[in-house]
Every structure is written in C-alpha cells, then in structure tokens.
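Let me begin by presenting the structure, written as structure tokens, before commenting on it.
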Amino acid sequence: MKERSKFRKYVKEYRWSNIFAMIRNGRSEPLVCDEDFTGRLVVITGATSGIGYHTARKYASRGANLICINRNPDKSQALQREIEDEFGVRCDYRIADLSSLRDIFRVSNELAQLDMAIDVIIHNAGIYLTKREITDEGLEKVFVVHYLSSFIMNFLLQEKLSSDGKARIIMVGSEAHRFAAWGLRLDDLMWERRRYTGLNSYGSAKMAQLLSMIVFSEKFQGTGVTINTMHPGAVKTETGQENGPVYKWFKRNFLDRSLKSPEISAEALYYLGVSEKLESVSGKFFSLTTEEEPAPPALDREAALELWKTTIRLAGLER
Ligand SMILES: NC(=O)c1ccc[n+]([C@@H]2O[C@H](COP(=O)([O-])OP(=O)(O)OC[C@H]3O[C@@H](n4cnc5c(N)ncnc54)[C@H](OP(=O)(O)O)[C@@H]3O)[C@@H](O)[C@H]2O)c1
C-alpha cells in the first residue's frame, strides 16, 4: 500500500482514548498469579540480564525447569549455577546469537527435536541501537533480534507445539511499536532508503512482531497453543549498552531515574504464562497484565499477511 493511502487509512482509526488508556496502564501494577508451575518447561530468550533474568528467576522460584537461549556462555553458566543452587530446578541453556539466522535456525531445530512438551516460550532478547548495524548476513540487526528471531522460532516450532497442544508463546513487545505510526515500509525493512533512528527501527521491529501475532494466532487456533505480546513496563535494565558514551550517559542520568524494577515485568510474564484466566486468550496485546489496544497499523490483517509473505522469503522459510 502507498504511504499516502496508509496514512489516510490509519489516521481515521486513531483514538485519543487509546492513548489515555496506554498512559493509565503504564502506571498500574501487574496482576499476581499464585499458581505453582512445578515440573513445567519454560523457554526464555535473553535470560542473562534485565527482564529475562528476573523472569527466569520468577519461573524457577515456582518450580519450573528452564531452557535459556543466550548469546554469552559465561553469563549463561553463572545463571545456571545460581538458579539450580537456589531453586533446585533444571536451568539448561543453548548458546545462540539471535542476530544470526544460522544460529536462530539451529536453536529452533534443537527445540523442535525436544521430546518434552514446552509449556511457555518467552521471546525476550532485545537490543536498542542508535546507529544502524548490518549483520554478516546483510540484515538490519534490530529487525533480526526482535522480529525475525521470534518469527523463525515460532514458525519452525509450529508442528511440535501444535502436537504438544498446550504452549503459551509470549513475545516481549513494547509501546514503542507506536513509533511505527503509519505501519511498516515493506519495501525498506532494512532501513536502506530512509534515515535510520533508534526509536524508529526499534518501533518497526516491535510493530512487525505484533503483525506476525495476527497470523500465528490464526494458525494456532484450535491447537491449544496461544500467542500474545506484552509491554513489560518502563523498567531499568542493561538495554542500550551497545551504544556510544553519550547515549549511555543520558540513559544513566536521565532515563534510568524514572524507571521501575524489572521485577514487575517478571511478575507480569509469570501471570501471562501461568494464570488460568488466560488459558485460551490469544492474539492480544497487554501492558503488563492489562489487555490494551495496540496502534491501528498493528491490527491491519492485510498488512500482516503481506509481511508474512515477505518474511517467509527473507528468512528462507519457503517449503
Ligand atoms: N527495559 C524496558 O523498559 C523495556 C521496555 C519495553 C520493552 N522492552 C523489551 O524487553 C526485552 C528485554 O530487554 P531488557 O530491557 O531486559 O534489556 P537487557 O537488560 O539489555 O536484556 C536483553 C537480553 O537480550 C540478550 N540479547 C541481546 N542481543 C542478543 C542476541 N543477539 N542474541 C541473543 N541474546 C541477545 C541480552 O544478552 P546479554 O546479557 O549477553 O547482553 C540480554 O540477556 C527486549 O525485547 C526489549 O525490547 C524493554
């Protein structure tokens, strides 16, 4: 769709009430789930820091076994030791750089071969880059880590998850998807023709994730598998460490001061993964644990189908 017609289409769908709801939800606390998760299996990407780390601890504290998909072997080993000693559960890990398609395919295929059923998958790994970076495979890095990694994993796990018949997939998204206010530019997903900014590339990757959720939730319908996306709150983590000293100074001295603890994100991710109340809820966006309407382009099924086709080609997933 042409840029001008996208603008005309979406501008009519924007509502002030949605923006007020987003602000209100951003101030609320997550619902707490008291249910136990002993012996269940949870897969988390990016569990070595921030939200992923606290989420791994939260699930382990309620008895779940973990498989963490991390890029750093030393941090992964330390996490394994910490969690297994403290909670007496299993905390396995696989090393994968989720900006590499090769690693994403390898780790997805490994998960697809597991003979245990996966109860919850949390796509959490993420980066924020103020400057455009291209991977060895010629792809824009933020797009790969946030979007392609979760897409490929979900895609390659479809059969296993459907036959296990019970997984909850949760993608850690962001209110920043609203920066892609007029939708995605399918003709420039790699940011070659436009000025790159951190917020715009990050917002677009999170928008792409929401659009993929529309199609995945349709494909998983009737299988017992659900897929939802959540904004984890504005919380203080290690995000942005790959950027230069100016960004890091600004983050430390301004941004971080108003941020909450990532423990609230972990509490919300536990609720979304475990609470009986969400048993068959799928295809929804949550701010922590409150269901919220995302920006209009994130609800565009036609755009979601177009993106699906483009992604299958881009990731080499044609069968
Ligand atoms: N913090 C917030 O306020 C906020 C708000 C909205 C959304 N989010 C989302 O929350 C998620 C977690 O972010 P965070 O704030 O917790 O940041 P963080 O502290 O930087 O944690 C990010 C995690 O992702 C891992 N990771 C990064 N690049 C990777 C790669 N190429 N391959 C494998 N793992 C990789 C990191 O590994 P290392 O430990 O090796 O660096 C780390 O474990 C992200 O999806 C982010 O977009 C955060």
Volume in Å³ per residue [convex hull over Cα atoms, computed for the range 24-143]: 132 Å³
Take the Cα pairs of the range 64-201, get the Kirkwood Rh, then feed it into Stokes-Einstein at 10 °C and 1.306 mPa s and tell me D in µm²/s. 96 µm²/s
Choice from SER17, SER275, SER49 showing the highest fluctuation, given a GNM over the chain with Cα pairs closer than 10 Å: SER17
Starting from the Cα of GLU3, step 7 Å along the direction of its Cβ; do the same at GLU137; then give the gap between the two resulting points in nm. 2.9 nm
Quick one: which of LYS248/LYS284; LYS58/LYS160; LYS206/LYS236; LYS12/LYS309; LYS166/LYS284 span more than 24 angstrom between C-alpha atoms? LYS248/LYS284; LYS58/LYS160; LYS12/LYS309
Restricting to DSSP H runs of at least four residues, report the calculated mean residue ellipticity at 222 nm for the chain, -39500 (n - 2.57) per run over all residues, nearest 500 deg cm²/dmol. -13000 deg cm²/dmol
At 0.36 nm per residue, and after removing the present C-alpha to C-alpha distance, how many nm does the segment from VAL11 to ARG301 gain when stretched out fully? 102.7 nm
So if R0 is 30 Å, what FRET efficiency would GLU218 and LEU259 give, r being the distance between their Cβ atoms, rounded to the nearest 0.05? 0.25
Starting with the fewest neighbours, write out CYS91, CYS68 ranked by other beta-carbon atoms found within 10 Å of each beta-carbon. CYS91, CYS68
Among beta bridges assigned by DSSP with both residues in the chain, the antiparallel ones amount in percent, to the nearest 5, to 15 percent
With a length cut of 27 Å (Cα positions projected on each helix's long axis) and a Kyte-Doolittle mean of at least 0.0, go through the chain and give me the DSSP H helices that pass. 198-219
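Each reported figure results from applying straightforward, stated rules to the coordinates on display, with no laboratory input. Not measured: the values here are computed from a predicted model. Note: ideal-geometry Cβ built from the backbone for every residue, glycine included; neighbour counts use all protein chains shown.
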